[in-house]
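Q: I'd like to ask some things about the structure below.
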Amino acid sequence: MSTSRRFDPYALFDALERERINYVVVGGFARVVHGSAERTSGLDIVPSLREENLRRLGRVLEALDAVDPDGGPVALEKVAAGEPLHVQTAAGEVRVVPKPWGTRGYDDIRIRANRENLGQAVRPAIASVVDLTRMLEASHRAEDAERLHRLRRMMELEHELTRSHRLSRERELDIDF
Amino acid sequence: MIREARLKADLTQAELAERIGRDRAQIARWEIGGQQPSFENLQAVVQACGFVLKVEIVIPEQTPVLDAELETSLLQAPQQRVQALLDHLGRDE
């Protein structure tokens, strides 16, 4: 995602939290939280499609001065109909994705999502690496192949780091005894 | 991979399903990643599209720059990873 307004994820999370929106973070930002070290300057969220949740989400977008980058009105009804919505807000780009590729939407991915402490009292639900991988695998965009490669390499390195950490802990314990 | 093979063979999901004796919905589930095909089913699909599935065991490509970036990030807490992203974006402006 690229943005002409400064990306402030904390302002976006605060606004979503104030209205108690049920959502899961996906896309580049979620992968960064897991350790993919990508560059992204926007937020992709999968909201619960319950009517009340979408109504509150509408209030959040309004409070964030959301505008359609193509100049049209912000059409939240697209989300209820299963279509993604892309808006520019005062705190950066937001993409509302009702049903990411390879998933069945909010109820499908929230069960494996984890609340991550991002500081500043912010703990959003972040999609699991398994679901983020599914999304990229189901995408047929060329740029997602590179992202998938990065995510898979990240998982391999994480496994290696965990293993080497465990081995060094075991060695330390051997020495102690 | 299934979608790629099917499109290369210029087949619809229904045509491919008929060739392997499965439902069209099963092909769709495999293609969108809702369900992973077994290796045998993957082989059958690829063959039904007129291709051969070639599997190789190779030494992974070395990517030292990417690995260094990822290792640094993995050793950080999620909060630090977000801060690193924001620092980079700030520098790019």
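Q: Top to bottom by accessible area (1.4 Å), largest first, where do A:131, A:107 land?
A: My answer, sorted largest first, is A:107, A:131.
Q: Here's another thing I want to ask about it. Counting only Cα atoms, I'd like the Rg/Rh figure for the protein assembly as shown, Kirkwood definition for Rh.
A: Rg/Rh for the protein assembly as shown comes to 1.02.
Q: Need the C-alpha centroid separation for segment B:69-89 versus segment A:49-80, integer Å.
A: Between the Cα centre of segment B:69-89 and that of segment A:49-80, the gap is 30 Å.
Q: Using helices alone, what [θ] at 222 nm do you get for the protein assembly as shown, with -39,500 (n - 2.57) per DSSP H run of 4 or more residues, divided over all residues and rounded to the nearest 500?
A: Helix contribution divided over all residues of the protein assembly as shown: -16000 deg cm²/dmol.
Q: In the calculated pair distance distribution of segment A:31-177, what percentage of Cα-Cα distances lie above 17 Å?
A: 69 percent
Q: For a distance above 16 Å, tell me the whole-number percent of Cα pairs in segment A:103-177 that qualify.
A: The proportion of pairs with Cα distances above 16 Å equals 66 percent.
Q: Compare B:13, B:83, B:47 in a GNM of chain B, Cα atoms joined below 10 Å, and give the one with the largest fluctuation.
A: Per the Cα network of chain B with a 10 Å cutoff, B:83 tops the list.
Q: Taking only the alpha-carbon positions of segment A:31-72 and ignoring solvent, what does the Debye formula give for the base-10 log of I(q)/I(0) at q = 0.18, 0.25 Å⁻¹?
A: Summing over Cα pairs of segment A:31-72 leads to -0.75, -0.95.
Q: Kindly tabulate the residues in segment B:19-50 with an accessible-area decrease of at least 40 Å² between the chain alone and the assembly of all protein chains, using a probe of 1.4 Å.
A: SASA drop of 40 Å² or more in segment B:19-50: B:32.
Q: Follow-up question, since we're still on this one. Probe radius 1.4 Å, ligands and nucleic acids ignored: give me the carbon and sulfur share of the accessible area of chain A as a rounded percent.
A: 47 percent
Q: Moving to a separate point now. Based on the alpha-carbon set only, what is the convex hull volume of chain B divided per residue, in Å³?
A: Each residue corresponds to 187 Å³ of Cα convex hull volume.
Q: Please compute the Kirkwood hydrodynamic radius over segment A:1-117, one decimal place, Å, based on all pairs of different Cα atoms.
A: 14.3 Å
The values are calculated or read from the model by the stated rules, or taken from the named source; none is laboratory data. The shown structure was predicted, so the numbers you read here are calculated from the model rather than taken from an experiment. Protein only, heavy atoms only, side chains kept; ligands, DNA and RNA dropped before computing areas. Shrake-Rupley method; radii C 1.70, N 1.55, O 1.52, S 1.80 Å.
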